[in-house]
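Visitor: Have a look at this one before I ask anything.
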Amino acid sequence: IKEHYRNDYKMFESSISKDFKSILTMETELRKALKEGQFELHYQPQKNIVTGRIVGVEALLRWNHPKEGFISPGTFIPLAEKTGLILEIGDWVMYEACRQNKQWQDEGYDPIIVGVNLSAKQFHQSDLVERVASILNKTGLQPSHLELEITESMAMSNEEDIIQTLEGLRDLGVYVSIDDFGTGYSSLKYLSRFPVNKLKIDKVFIQNRKQNEAIVKSIIHMSHSLDMKVIAEGVETEEQLTFLKNERCDEMQGFFYSKPLPPKHLNEMFQKQTV
Ligand code: C2E
Ligand code: CA
Ligand code: CA
Ligand code: CA
């Protein structure tokens, strides 16, 4: 699996600027991509550090462009945000991730949680909670098998509306995590008032772990004292994992265990852990 995906989308990116002559071209191409089914989701497993079992997967969007090959979300999501297309794309992502997770359950694998990234525009839709409920309803996935990832900046502005949305999601029964935690300006005062379930420690702190040891430790301890779970992102080495284990971090995600992969490869991983 690893060999096969070494050749990933980063190789194609150098050619993008030449071919996508303008933002307008890219917008047209994005619309076409949505209509013609060029988007797909890859899933990166998340493991419980103590048991070693896969407890969740994060859905990560891939654009399989007919000429360019796989294009990284970092390239097209900012544009999709600007044009508002992210709302349609985001609905597709949430639907597809829920559908896939339900399918895995129907295939007999142990239930896991699927994590979906929300963009700021999506999070601020006044009918977000209803949209999520409707997608769960259509796909038949239980709310407790969906987690929405929001960033610190999305959570830390415009308090009252945010709390209302977060409470709506909590009442619906879905989980909410704070992505890239530690890179924004979150205030502890807000954090303790927000109904969120998990902090995702940003990969910069894990990768420069030696310099950031104190920060990582304090995020882990803070999560637990606020009754939240904590997951480390971007875990690439055994040394990092051992440190996290010693510090009682709950979960890990990163290349050390697996890159994001197409869904059929996850089936193989689930099978391996049931034997
Ligand atoms: P993110 O949400 O922080 O996702 C984690 C990123 O880190 C992914 O990049 C993943 O491939 C990468 N990663 C995972 N483990 C490792 C590791 O061990 N080392 C390193 N160096 N990187 C690792 P990806 O898939 O390119 O996604 C980039 C960003 O694009 C995501 O960052 C997220 O902000 C955004 N994105 C991806 N899919 C969606 C989506 O469906 N909706 C929205 N709104 N944003 C998305
Ligand atoms: Ca994320
Ligand atoms: Ca992240
Ligand atoms: Ca991010």
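The values are calculated or read from the model by the stated rules, or taken from the named source; none is laboratory data. Here the structure is a predicted model, which means the values were calculated and not measured. As a convention, Cβ positions derive from the backbone with ideal geometry for all residues, glycine included, and neighbour counts pool all protein chains shown.
Visitor: In region 246-260, how many are more than 14 Å from Arg53 (Cα to Cα) and surrounded by fewer than 21 Cβ atoms within 10 Å (Cβ to Cβ)?
Guide: Count: 6.
Visitor: Here's another thing I want to ask about it. Pull out all pairs, ordered by first then second residue, where Cβ-Cβ is under 6 Å, the residues are six or more apart or on different chains, the first lies in region 166-182 and is touching a residue at least 12 places away in the same chain (Cβ under 8 Å), and the second is of a type in the set (Ser, Thr, Tyr) and not in a helix (DSSP H, G or I).
Guide: Asp179/Thr151; Asp180/Thr151
Visitor: If you don't mind, another one. With the condition kept exactly as written, say whether any residue in region 184-203 is aliphatic (A, V, I, L, M), at pLDDT 95 or above and not in a strand (DSSP E or B). Step through it out loud before you land on a result.
Guide: First, the residues of region 184-203 that are aliphatic (A, V, I, L, M): 188, 191, 196, 199, 201.
Add one more test, that the residue is at pLDDT 95 or above, and what stays is 199, 201.
Applying the additional criterion that residues be not in a strand (DSSP E or B) yields none.
No, that holds for no residue.
Visitor: Further, regarding this structure: In region 55-94, which residues are under 20 Å from Gly234 (Cβ atoms) and under 15 Å from the mean Cα position of the chain (by Cα)?
Guide: Result: Val55, Gly56, Val57, Glu58, Ala59, Leu60, Leu61, Arg62, Ser72, Pro73, Gly74, Ile77.
Yes/no matrix, rows are residues, columns are (1) more than 19 Å from Glu147 (Cα to Cα); (2) surrounded by 17 or more Cβ atoms within 10 Å (Cβ to Cβ); (3) within 10 Å of ligand 1 (Cβ to nearest atom):
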site: Lys35; (1), (2), (3): yes, no, no
site: Tyr43; (1), (2), (3): no, yes, no
site: Lys47; (1), (2), (3): no, yes, no
site: Gly52; (1), (2), (3): yes, no, no
site: Ser72; (1), (2), (3): yes, yes, yes
site: Ala80; (1), (2), (3): yes, yes, yes
site: Ile86; (1), (2), (3): no, yes, yes
site: Val93; (1), (2), (3): no, yes, yes
site: Ala97; (1), (2), (3): no, yes, yes
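Residues checked against (1) within 21 Å of the chain's Cα centre (by Cα); (2) within 16 Å of ligand 4 (Cβ to nearest atom):
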{"position": "Ala155", "(1), (2)": "yes, yes"}
{"position": "Asp180", "(1), (2)": "yes, yes"}
{"position": "Leu191", "(1), (2)": "yes, no"}
{"position": "Lys203", "(1), (2)": "yes, yes"}
{"position": "Arg209", "(1), (2)": "no, no"}
{"position": "Val216", "(1), (2)": "yes, no"}
{"position": "Ser225", "(1), (2)": "no, no"}
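Visitor: What are the pairs, 6+ residues apart or on separate chains, where a residue within region 102-128 that is on the phi < 0 side of the Ramachandran plot has its Cβ under 6 Å from a residue that is away from ligand 2 (no atom under 16 Å from the Cβ) and part of a loop (DSSP other than H, G, I, E, B)?
Guide: That search, which allows pairs on different chains as well, returns Lys102/Gly140; Lys102/Leu141; Gln105/Pro111.
Visitor: Moving on. Where in region 50-127 are there strands (runs of 3 or more DSSP E), lying wholly inside it, with at least 2 residues that are closer than 26 Å to Asn197 by Cα and within 16 Å of ligand 4 (Cβ to nearest atom)?
Guide: On the way: elements: 54-65, 69-71, 113-117.
In region 50-127, 54-65, 113-117 are the strands (runs of 3 or more DSSP E) which contain 2 or more residues that are closer than 26 Å to Asn197 by Cα and within 16 Å of ligand 4 (Cβ to nearest atom).
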